[in-house]
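For reference, the structure discussed in these notes is given below.
The values are calculated or read from the model by the stated rules, or taken from the named source; none is laboratory data. Being a predicted model, the structure only gives us computed values, none of them experimental. Please note: Cβ atoms are built from the backbone with ideal geometry, for glycine as well, and neighbour counts cover all protein chains shown. Heads up: the accessible areas ignore ligands, DNA and RNA and are worked out on the full protein's heavy atoms, side chains in. Shrake-Rupley method; radii C 1.70, N 1.55, O 1.52, S 1.80 Å.
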Amino acid sequence: MKPSRLPPARLAPLAGAYAAVQRNRRQRLLLALGVLTALTFLSAWVAQVDLPRLLTHISRFFGYFDRLLTLEGGDAAGQRVWTDPGEWFWGLHRWLPLLADTVLMAAVGTLLGTAAGAALGFASAGNMVRNPWLRHAAKRLLEFCRTVPEIVFALIFVLAFGLGPFPGVLAIAVHSLGGLGKQFSEAVENIDMKPVEGAIAAGAAWPAMVCFGALPQVLPSLASYALLRFEINVRGASVLGFVGAGGIGQDLLEAIRKFHYSDVSALLVLIIATVVVIDLLTGRLRARLAGMERAA
């Protein structure tokens with residue numbers, strides 16, 4: 001049977017209505033683009049974005065990188081850094097232990113932040129805690145921890161506990177607590193409540209309800225978020241030494257201040273290579289965890 005066709009007299013109003021809808025959509029899109037453009041120019045004006053100044057001094061930016069790739073001492077002075085790797089990485093015996101400290105700071109801080117973030121994530125989830133005061137208190141604490149930059153936390157802990165990696169670990173842990181707690185809370189709020197309700201019906205207390213009803217559902221997501229945070233924390237820990245919180249950042253800051261350009265590039269290469277390796281390893285682990293979550 002052939003489909004029946006509407007007569008032209010009935011198609012005309014439908015076509016007109018469709019055209020009006022499309023016209024309204026285009027108008028809203030143009031209005032949104034106009035508002036976005038105006039806000040962009042306003043933000044650039046407030047932030048004193050100066051394009052002529054940028055074009056005038058952009059050569060200094062590339063010139064700095066040219067100096068980073070030029071050796072300064074030894075028989076190979078003035079040559080490119082890769083022509084004499086021994087001279088370029090002359091401080092490797094000192095930098096590698098500092099780089100290991102940086103990675104360990106990130107690892108310990110991430111573990112502490114993950115544990116505390118998971119606890120506050122459950123406490124701030126609306127389907128886990130019915131008390132609004134407790135829930136809002138947990139959310140505000142998470143907001144505070146992730147809003148204050150970790151280098152500020154590091155400076156405060158250095159003043160409180162002295163120089164060394166320990167303040168860096170605490171700073172990473174507190175900042176990770178804020179970020180991971182927010183992600184954990186959102187993951188918990190999207191779980192299937194049937195296992196939780198079953199645990200409650202069986203008389204389970206709140207900790208048991210969380211451990212047996214909610215945690216198994218979100219554990220792959222929590223592990224994936226923690227691995228991603230570890231990658232971020234390795235990068236963040238690299239600069240905490242700027243305020244004396246341990247790691248390779250102190251040597252990087254010293255090289256920058258003393259204009260030891262080849263040392264700066266060598267340290268940056270070590271940091272970048274470490275982050276790339278960690279990204280590759282944790283990326284594979286996150287992919288496997290994502291596959292386990294989909295299979296579940």
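Brief remarks follow.
- Per residue, the accessible area of segment 98-186 comes to 46 Å² when a 1.4 Å probe rolls over the protein heavy atoms.
- FRET efficiency, 1/(1 + (r/R0)^6) with R0 41 Å, evaluated for F161 and W206 via beta carbons: 0.75
- In segment 190-296, the trypsin sites (Lys or Arg not before Pro) that fall in loop regions by DSSP, at most 10 other Cβ within 10 Å: K258
- Cα→Cβ-extended label distance, 7 Å offset, between A44 and R80, nm: 3.5
- Qualifying GluC sites (Glu not before Pro) in segment 153-250, DSSP loop, other Cβ atoms within 10 Å at most 16: E189
- Ranking L180, L281 by solvent-accessible area of protein heavy atoms (1.4 Å probe, all protein chains present), from largest to smallest, gives L281, L180.
- Those aspartates and glutamates that a straight Cα-Cα span of less than 19 Å connects to K258, excepting residues fewer than 8 apart in one chain: D66, E72, E87
- Pairwise centroid distance, computed over Cα atoms, of segment 159-181 with segment 227-268, Å: 16
- Accessible surface of the chain, 1.4 Å probe, proportion on carbon and sulfur as whole %: 69
- Answer label, with Kirkwood radius over Cα pairs in Å calculated from the coordinates and candidates (1) 22.0; (2) 19.4; (3) 23.9: (3)
- Note on A20 and A137: their simple-model spin labels are 5.6 nm apart, each label 7 Å out from Cα toward Cβ.
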